[in-house]
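What follows is calculated from the coordinates using simple rules that are stated; it is not laboratory data. All of these numbers come straight from a predicted model, not from anything done at the bench. Neighbour counts are summed over all protein chains in view; Cβ atoms, including those assigned to glycine, are modelled from backbone coordinates with ideal geometry.
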Amino acid sequence: MSIKLKAEQLESIHSHGEREYPNECCGMLLGRADGAAKEVSEAVPLNNLRLDSARAQELLPLEDPGRESEKNRFLIDPVEQLRVEREARKRGLDVLGYYHSHPDHPARPSKYDRDHAWPWYSYIILSVERGKAAEVTSWVLSEDRSQFDPEPLKL
Amino acid sequence: MPVKVVIPTPLRQYTGKSDSVEVEAKTVGEALAGLTSRFSDLRKHLYNEEGKLRSFVNVYVNDEDIRFLQKDQTPLAETDVISIVPSIAGGSTTCCICS
């Protein structure tokens with residue numbers, strides 16, 4: 001199990017996280033997989049739909065709107081997701097997973113991340129500390145959904 | 001009539017690695033039932049214990065979300081393509097005490 005990224009893709013994830021700070025950023029990882037070994041061809045920045053709270057609430061309501069917002073939650077618009085995925089499939093690329101940022105929070109998956117995760121996908125998390133990109137980690141949901149397993153991130 | 005169901009990458013391990021499956025169905029509900037009867041491991045990822053589609057699963061017929069059509073009663077035409085689109089959400093915790 002591993003995920004390979006190019007330096008420029010990591011840099012684009014860093015820039016996206018810094019640009020969107022103090023809000024969470026999110027994006028799609030496209031590429032090819034050979035079993036559990038993934039190689040990213042593109043990191044595609046997407047919009048955090050939590051910034052459009054009415055539409056986001058229609059799709060996946062927040063549990064505690066008084067304490068949750070785009071600063072600590074992200075949601076990808078399935079319309080945008082489907083469009084990018086369809087276009088990627090025409091180029092022979094698959095969706096390998098997604099990235100998102102944790103503003104002023106460690107690059108460790110939360111319970112909320114785990115509750116919403118899908119198997120097999122790589123979940124790359126970027127910590128953005130006071131506006132600056134810091135640690136990047138990658139995770140895959142365990143088979144029984146009980147935890148995220150750390151995934152080696154190779155450059 | 002036969003319709004194509006596009007399978008997202010995390011669920012292809014349950015469909016013999018196929019990225020799309022053809023099923024005979026007149027409605028979205030029939031199509032998903034046909035899919036899960038053929039590939040029973042898909043069921044727990046698509047449906048909750050009450051047999052309802054999980055809120056983390058978006059289903060599109062061509063470019064339209066079935067939530068805004070007739071949900072699982074949405075009728076299908078022969079060239080329709082059903083896409084299963086995993087809801088992608090997450091975020092950091094709201095307080096540092098939480099796990």
remark   = Across (1) within 9 Å of another protein chain (Cβ to nearest Cβ); (2) surrounded by fewer than 18 Cβ atoms within 10 Å (Cβ to Cβ), A:G131 clears everything bar (1)
Flag for B:E30 being exposed (fewer than 13 other Cβ atoms within 10 Å of the Cβ) and out of contact with any Phe, Trp or Tyr (no Cβ under 8 Å at 6 or more places or on another chain) = no
note = Checked against (1) without any contact (Cβ under 8 Å) to a residue 24 or more places away in the chain; (2) small (G, A, S); (3) within 29 Å of A:A56 (Cβ to Cβ); (4) in contact with a strand residue (DSSP E or B) (Cβ under 8 Å, 6 or more places away or on another chain), B:G34 satisfies every condition except (3)
key: Subset of segment A:108-130 [touching a residue at least 40 places away in the same chain (Cβ under 8 Å) and among the β-branched types (V, I, T)]   = A:I124, A:V128
Residues of segment B:43-94 satisfying the condition of being in a helix (DSSP H, G or I), facing chain A (nearest Cβ under 10 Å) and not charged (D, E, K, R) = B:H45, B:F68
task = Just name the residue that is farthest from A:A43 (Cα to Cα) out of those in segment A:97-155 that are assigned to a loop (DSSP other than H, G, I, E, B) and of a type in the set (S, T, Y).
result = A:S146
remark   = segment A:1-66: strands (runs of 3 or more DSSP E) wholly inside it with 3 or more residues that are surrounded by 17 or more Cβ atoms within 10 Å (Cβ to Cβ) are A:26-34, A:37-46
note = The number of residues in segment A:65-95 that are over 21 Å from A:R19 (Cα atoms) and facing another protein chain (nearest Cβ under 7 Å) is 5
